[in-house]
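Below: the structure, in structure tokens.
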Amino acid sequence: MSKLSPLLKRVSLNSTTIVGIWEPATGFAVIPYIQGVTELIKRILNSHNVKVTQKPFQTLGHIFAKPKDPVTKEQRTDAIYSIPCNDCDNEYIGQTKRQFGTRLKEHQKVVFLCKKENSTLSEHTCLTNHTIGWDNSKIITTNRRYHQRLCLEAWHINCAHAPLNRDDGGLLPDAYLHLVRKKASCCSV
């Protein structure tokens, strides 16, 4: 700091003060930098008392591929999912906070052991000798909030043509149930 002090004193003594009327900027704009164009736009906007800042037209994120691998269906969490029967139109609608693949394996284990009291999927396969379309299972939607996920599950159970679920989810008010019954293609949430 000692070396800078004389320099600062010299600059402050030699500088002239310009007294003028200061007006705050009436606007602010962020524009991409394009050589020759941005300078012109900046001059025009500055004359109208609009503060302009520039950003790069292309960033490294635009140039390089995303470093993350895409999340697979089995790795997705907070999901409302559907597991169809291969031999009929029935499907099971469920929800899970955990990874979808983990929940799917749990369903497969219960069906393999034919525990009818634990699962409607198992009950369906044991009573009808149908097979479950594990490969055709899909994630309908996702939602991180538990109660919203339960409502979405109930909505999709009520929308399903032939659900295997033991109950209708129980969380939809009568007004929503009326909408489900009234609208033919209700599952486009």
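Every read-out reported here was derived from the displayed coordinates using simple, explicitly stated rules and does not represent laboratory data. As the structure is a computational prediction, the values presented were derived from the model and not from experiment. Neighbour counts run over all protein chains shown; Cβ positions are idealised from the backbone, glycine included.
Rg/Rh, computed from the Cα trace of the stretch 48-108 with Rh as the Kirkwood radius, has the value 1.39.
Using the Cβ-Cβ distance between Phe28 and Gln58 with R0 set to 22 Å, the FRET efficiency from 1/(1 + (r/R0)^6) comes to roughly 0.45. Count Lys and Arg as plus one, Asp and Glu as minus one, and take only other residues whose Cβ is under 12 Å from that of Arg166; the net charge is then -3.
Measuring between alpha carbons in the structure, the pairs from Lys68/Lys116; Lys55/Lys138; Lys73/Lys115; Lys42/Lys68 lying more than 32 angstrom apart are Lys68/Lys116; Lys55/Lys138; Lys42/Lys68.
Gain on full extension, evaluated as 0.36 nm per residue between Asp174 and Gln148 minus their Cα-Cα distance, stands at 7.7 nm. Taking 0.36 nm per residue of separation and subtracting the current Cα-Cα distance, fully stretching the chain between Lys66 and Glu117 would add 13.8 nm. What net charge do the residues around Glu153 carry, taking every other residue with its C-beta under 11 Å from that of Glu153, with Lys and Arg at +1 and Asp and Glu at -1? Net charge around Glu153: -1.
With N as its number of residues, the stretch 79-145 has a Cα radius of gyration that, divided by 2.2 N^0.38 Å, comes to 1.07.
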